[in-house]
1. Compute the length gained on full extension between Asp84 and Arg247: take 0.36 nm times their separation in residues and subtract their Cα-Cα distance, giving the result in nm to one decimal.
2. Note down the nm distance, to one decimal, between modelled labels 7 Å out along Cα→Cβ at Asn292 and at Glu101.
3. Using unit Cβ charges (K, R positive; D, E negative) and no other charged atoms, how large, in debye to the nearest 20, is the dipole of region 282-351 about its Cα centre?
4. Going through the cross-link list Lys64/Lys231; Lys217/Lys267; Lys177/Lys325; Lys67/Lys115; Lys240/Lys334, which pairs have a Cα-Cα distance over 32 Å in this structure?
5. For Lys67 paired with Met1, estimate the spin-label separation in nm (one decimal), with each label point 7 Å from Cα along the Cα-to-Cβ line.
6. About the Cα centre of region 228-351, what is the dipole size in debye to 20, counting +1 per Lys and Arg Cβ and -1 per Asp and Glu Cβ, all else neutral?
Amino acid sequence: MSFEEKYQAIIEKDSLYEGLFFTCVKTTGIFCRPVCTARKPKPENVEFVDDAKNTLAKGYRPCKVCKPMNSKDETPERIKNLMDELLQNPFSRIKDYHLRERGIEPAFLRRWFKKNYQMTFHAYQRMLRINLAYQDIQNGKSVTDAAFSNGFESMSGFNESFKGIFGDPATISSKKKMVLQIERLDTPLGPMYACASDRGLCLLEFTERRMLEREFKDLQKRLNAVILPGKHPVIEQVKKELNEYFRGERTSFDIKLDTPGTDFQNKVWNQLLKIPYGETRSYKKQAEMLGNPDAVRAVARANGMNRIAIIIPCHRVIGENGELKGYAGGLPRKRWLLDFEYMNNSVSKKP
């Protein structure tokens with residue numbers, strides 16, 4: 001990225017560049033994130049640094065306005081603790097006065113959940129309980145027992161909530177659906193959603209991806225499933241492996257994948273998995289490796305339909321002339337991932 005491109009990004013407060021670099025102001029000795037709302041310095045008073053550790057090593061202090069040492073979209077600690085508690089005990093009911101006792105303003109929590117989960121906190125709790133109730137019914141428990149044992153106070157409230165997702169609870173055993181668990185993850189490049197079935201990871205996407213809602217619907221249709229918040233061993237493994245990847249300690253992933261799609265799409269995605277860490281392939285080369293050199297556009301389209309970012313590394317595919325082309329997470333993220341892998345790979349190969 002050129003100096004001019006980075007400077008234009010901070011002028012426009014472009015969130016796509018969040019996490020890719022920091023703005024260091026020579027005259028004040030502070031450093032900021034690209035979206036900082038403070039008054040912008042003159043170009044001659046700016047240097048750009050790629051990570052916070054190096055900005056501190058150069059003697060810069062973190063800005064008090066944008067707080068660059070905190071991830072912009074990181075889940076606040078009190079909310080993280082609250083969600084962990086609910087995932088451990090989803091049948092518990094945390095009401096507004098419980099939140100105030102914990103120093104959390106209910107209105108703030110409602111806005112945070114609406115922004116990050118497209119539902120209120122209380123709806124999130126209800127979805128967790130519905131998830132458990134559905135599994136209880138599938139395992140032979142009566143509808144009434146499933147409702148009351150998972151914290152619902154009335155059958156009318158349970159039936160209304162349940163029907164909106166699964167249909168009539170009285171007939172649900174004959175229309176068995178798979179439950180896909182979903183969780184929001186914090187990463188150095190912004191928040192992501194991870195979604196898992198018992199067969200493996202079926203989605204890992206940045207939360208602002210434009211096609212995300214369509215991907216959710218497609219997954220549910222292909223797997224005859226519903227997507228509900230909850231813990232899953234596959235997602236726990238994804239968290240661990242992603243953390244190792246971003247620390248530069250992992251160059252390949254061991255996580256099981258569940259990738260429903262057409263035969264052609266799966267061939268393309270399997271080819272993506274064969275591109276070595278720190279290297280790139282052109283769309284044309286990818287088509288040739290599939291034995292169909294004329295299928296460049298079809299390959300590019302299948303790459304764009306990949307639901308599992310980073311782990312199925314569609315970011316490693318570029319134009320034949322070396323130009324970066326479309327990436328669902330945004331080209332700045334694609335550039336960051338390629339630079340990160342290239343530099344880490346170069347360091348690891350040094351004698």
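1. Computed gain between Asp84 and Arg247 is 56.3 nm.
2. Between Asn292 and Glu101, the simple spin-label model gives 6.1 nm.
3. 180
4. Flagged as over cut-off: Lys64/Lys231; Lys177/Lys325.
5. With each label placed 7 Å out from Cα toward Cβ, I get 2.2 nm.
6. The dipole magnitude comes to about 160 debye.
Read-outs throughout are calculated quantities, based only on the coordinates presented, and are distinct from any laboratory measurement. Keep in mind the model is a prediction, meaning the values are calculated, not measured. So basically every Cβ, Gly included, is an ideal-geometry build from the backbone, and we count neighbours across all protein chains shown.
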